[in-house]
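One structure below.
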Amino acid sequence: MTAIRLEGLSKSFGPVDGPVLEDVDLTVERGQFVALLGASGCGKSTLLNIVAGLEEPTGGSVTVPAEGAALMFQDAALFPWLSARRNVELALELRGMPRAERPERARELLELVRLAQAGDKRPHELSGGMRQRVALARALAQDREVLLMDEPFSALDAITRDLLHEELLRIWRATGRTIVFITHNVGEAVRLGQRVLLMSSRPGRIVQEWDTRPWKDPDAYGFEGNAQSLDDTLGELTRTITARLREEISRHAA
Amino acid sequence: MPPETAAPSVPAPPAAARPAVAPPAAPAGTRPSPGADELAGLDALQTERTRRTPGAEVLRTKVAPPLVALLFALLLWQLLVAVLGPRPDVVPGPLDVARQVAVLLSDGTVLGALGTSLWRGVSGFLIAVAVATPLGLLVAQWQGLRNAVGPLISGLQVLPSVAWVPAAIIWFGLSDATVYFVVLMGAVPSIVNGMLAGVDQIPPQLRRAGHVLGASGWTMASRVVLPAALPGYVAGLKQGWAFSWRSLMGAELIAIGGSIGFGLGSLLAQGRTVSNMAVVMVAVLAILAVGILVELLFFNPVERRLLRGRGLLGHRS
Ligand SMILES: Nc1ncnc2c1ncn2[C@@H]1O[C@H](COP(=O)(O)OP(=O)(O)OP(=O)(O)O)[C@@H](O)[C@H]1O
Ligand SMILES: [Mg+2]
């Protein structure tokens with residue numbers, strides 16, 4: 001089952017500037033975790049906004065589930081006048097859930113991101129990592145098949161980010177969502193994504209793809225298990241992709 | 001004796017220690033991952049502790065300084081009058097004014113005028129709010145209308161509303177309608193402008209978040225736009241009140257007689273007519289006092305609460 005299909009997608013913002021996205025083809029199956037990797041300004045957010053319906057493509061076609069997609073922004077974009085719980089409840093309300101069921105469901109979602117005890121705090125009283133977790137709970141409250149995440153952890157410190165990676169993978173396994181996760185951090189992409197896609201800049205295109213599943217679980221794919229630990233294996237893949245990303249960036253130096 | 005009370009030296013384990021001994025069974029499906037404790041630890045480290053300023057400190061930092069300044073100004077005033085000795089009907093000292101206050105208070109003039117003006121000011125302001133709020137929303141949400149009347153509204157805000165007094169007298173005669181008309185012309189543009197500024201300053205990200213969550217039309221306006229614009233709106237209300245009060249005083253000062261009641265502005269005009277500087281001073285001080293008190297006791301607390309709730313105020317301010 002296909003969750004997202006982009007065919008020949010392109011986008012330019014003005015007649016003068018060249019296209020930001022050109023001829024992007026992408027198919028994401030249901031339940032997949034796809035990491036989208038690219039240099040700053042290559043059009044990752046633009047691509048995601050088009051999939052989320054916030055922006056119209058100038059060419060090509062976009063197929064997403066009729067209900068639309070949930071989107072988590074680069075900054076949490078929580079409503080500052082609502083407590084964490086109310087932010088989640090508002091998402092439930094806007095999706096049409098009856099009032100009586102909302103508090104219980106909001107509590108469950110906050111528990112899922114391990115913030116049950118912080119429900120009454122306003123966004124400014126929370127740390128950046130906690131805010132992103134509330135934003136994740138709010139995105140999950142939309143109960144959409146597809147969850148789009150735009151560099152959700154890029155502003156966080158390394159320890160918090162590490163922990164949130166584990167949490168996100170746990171939630172992904174528990175909920176079975178289709179996730180498209182944008183980042184410019186190769187390690188993050190390799191760790192989280194089943195598929196890692198590399199985008200070029202100006203025009204933005206998907207230039208290469210890596211499947212991390214055989215690396216993470218060699219036995220299931222009939223590969224020879226070697227003595228390397230998983231960390232070393234993924235480290236090697238990370239170095240390969242980083243080299244390719246650098247190559248892509250230095251193409252623009254000339 | 002029952003053993004429970006006989007052995008006070010063996011205390012029950014403190015409630016907080018119990019989970020460590022016998023952890024509650026995790027509900028099925030939410031088996032804690034190893035990171036859960038670390039996350040909870042980080043949360044505890046990173047959460048801001050909200051601290052309320054104690055009452056004594058408020059008294060010391062907020063209430064005492066202006067009172068001391070006021071006292072100082074009064075002393076200086078009295079000193080100058082005592083040293084220079086001007087005619088008391090031209091430059092009265094604070095004691096002369098205080099005496100005049102006592103006289104006007106005892107015959108009910110000041111309180112009557114104060115009551116009349118306050119009633120008009122407050123009711124005029126409330127009417128202005130009722131008119132300006134829907135108008136502001138309409139102009140903010142409808143770009144065509146905004147292009148058409150936006151410049152007019154900004155212009156009206158600059159025009160001193162006292163300039164409407166002659167026109168109002170021609171239309172409504174010397175009646176309360178004249179006063180209310182001038183008050184409305186003073187307050188409505190401020191409130192509409194505050195609403196417009198509030199809507200303009202909404203971070204685009206919040207609208208996008210609302211859109212992604214499925215808000216549109218009415219739900220977008222009521223759940224996202226209005227609450228997000230509230231600080232600007234309240235700032236507009238505050239300015240609207242200031243303009244109402246000023247316009248009212250201007251109108252009362254100019255339009256006297258007819259069926260117009262006797263307000264503070266009328267008292268001011270009367271003081272001028274009979275050349276009694278002490279009466280003039282009493283009226284000015286009363287007008288000033290109302291302005292300061294309404295701001296301090298009503299608008300400032302409302303505004304602070306609002307901003308603090310959104311993390312837009314430091315803890316100490
Ligand atoms: N509304 C807009 N109008 C004009 N140009 C735009 C607009 N939005 C984005 N762009 C341009 O499109 C390009 C891609 O922007 P985009 O935000 O998608 O990059 P990104 O890959 O998400 O970058 P980052 O990693 O820094 O978030 C940039 O060159 C940017 O200048
Ligand atoms: Mg971006």
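The values are calculated or read from the model by the stated rules, or taken from the named source; none is laboratory data. In this text the structure is predicted, and so the values were computed from the model without any measurement. For neighbour counting, all protein chains shown are included, and Cβ atoms are generated from backbone atoms with ideal geometry for every residue, glycine included.
Among the residues of the stretch A:41-63, just one is over 17 Å from the mean Cα position of the chain (by Cα) and within 13 Å of ligand 2 (Cβ to nearest atom), namely A:Glu55. Restricting attention to the stretch A:164-183 and to residues that are in contact with a helix residue (DSSP H, G or I) (Cβ under 8 Å, 6 or more places away or on another chain) and either free of Cβ contacts under 8 Å to residues at least 12 places away in the same chain or within 16 Å of ligand 2 (Cβ to nearest atom) (or both), the residue that is nearest to A:Val51 (Cα to Cα) turns out to be A:Val180.
In the set (1) farther than 29 Å from B:Leu313 by Cβ; (2) touching an Asp or Glu at 6+ places or on another chain (Cβ under 9 Å); (3) touching a residue at least 60 places away in the same chain (Cβ under 8 Å), A:Leu148 fails one condition alone, (2).
The single condition among (1) within 12 Å of chain B (Cβ to nearest Cβ); (2) within 16 Å of ligand 2 (Cβ to nearest atom) that A:Met199 does not satisfy is (1). The set of residues in the stretch B:70-114 that are under 30 Å from B:Gly261 (Cβ atoms) and of a type outside the set (A, V, I, L, M, F, W, C) comprises B:Asp89, B:Pro92, B:Pro94, B:Asp96, B:Arg99, B:Gln100, B:Ser106, B:Asp107, B:Gly108, B:Thr109, B:Gly112. Restricting the stretch A:119-137 to residues that are more than 8 Å from chain B (Cβ to nearest Cβ) and in a loop (DSSP other than H, G, I, E, B), the residue that is modelled with the lowest pLDDT is A:Gly119. Comparison of A:Ala91, A:Ala106, A:Ala116 shows that the only residue that is surrounded by 16 or more Cβ atoms within 10 Å (Cβ to Cβ) and within 12 Å of chain B (Cβ to nearest Cβ) is A:Ala91. For the stretch A:14-40, taking the residues that are β-branched (Val, Ile, Thr) and farther than 25 Å from A:Val190 by Cβ, the one that is nearest to ligand 2 (Cβ to nearest atom) is identified as A:Val20. As a summary of the residue check, A:Ala106 satisfies the conditions (1) of a type in the set (Gly, Ala, Ser); (2) within 16 Å of ligand 2 (Cβ to nearest atom); (3) at pLDDT 90 or above except for the one numbered (2). All conditions in (1) over 14 Å from the mean Cα position of the chain (by Cα); (2) within 16 Å of ligand 1 (Cβ to nearest atom) hold for A:Gln208, with the sole exception of (2). Evaluation of A:Leu140 against the conditions (1) more than 9 Å from chain B (Cβ to nearest Cβ); (2) within 17 Å of A:Trp81 (Cα to Cα) shows that the sole unmet condition is (2). Could we say that B:Gly108 is at pLDDT below 90 and within 30 Å of the chain's Cα centre (by Cα) here? It is true that B:Gly108 is at pLDDT below 90 and within 30 Å of the chain's Cα centre (by Cα).
Restricting A:Arg161, A:Arg170, A:Arg191, A:Arg202 to those that are in a loop (DSSP other than H, G, I, E, B) and either in the same structural domain as A:Glu93 (by TED's automatic domain parsing) or of a type in the set (Lys, Arg) (or both) reduces the list to A:Arg202. Candidates are the residues of the stretch A:173-188 that are in a helix (DSSP H, G or I) and within 14 Å of another protein chain (Cβ to nearest Cβ); the one that is nearest to ligand 1 (Cβ to nearest atom) is A:Thr175.
Quick one: would you say A:Leu78 is within 14 Å of another protein chain (Cβ to nearest Cβ), within 23 Å of the chain's Cα centre (by Cα), modelled with pLDDT under 90 and buried (at least 23 other Cβ atoms within 10 Å of the Cβ)? Here the answer is no, as A:Leu78 does not meet what is asked.
Restricting the stretch A:18-62 to residues that are within 14 Å of another protein chain (Cβ to nearest Cβ) and either over 21 Å from A:Thr178 (Cα atoms) or near ligand 1 (Cβ under 10 Å from one of its atoms) (or both) leaves a set whose member that is surrounded by the fewest Cβ atoms within 10 Å (Cβ to Cβ) is A:Glu56. The condition (being within 12 Å of chain B (Cβ to nearest Cβ), more than 16 Å from ligand 2 (Cβ to nearest atom) and under 29 Å from B:Ser222 (Cβ atoms)) is satisfied by just one residue among A:Ala84, A:Ala66: A:Ala84.
For the stretch A:214-251, a residue qualifies if it is among the basic types (Lys, Arg) and modelled with pLDDT of 80 or more, and the qualifying residues are A:Arg239, A:Arg244, A:Arg246.
Figure legend. Inter-residue proximity from the stretch B:144-160: first residues under 15 Å from B:Ala132 (Cα atoms), second residues modelled with pLDDT under 85 and in a helix (DSSP H, G or I), beta-carbon distance below 7 Å, spacing 6+ or different chains. No pairs are indicated. Checking the stretch B:171-185 against the condition returns a match, with at least one residue being farther than 19 Å from B:Gly121 by Cα and out of contact with any Cys (no Cβ under 8 Å at 6 or more places or on another chain).
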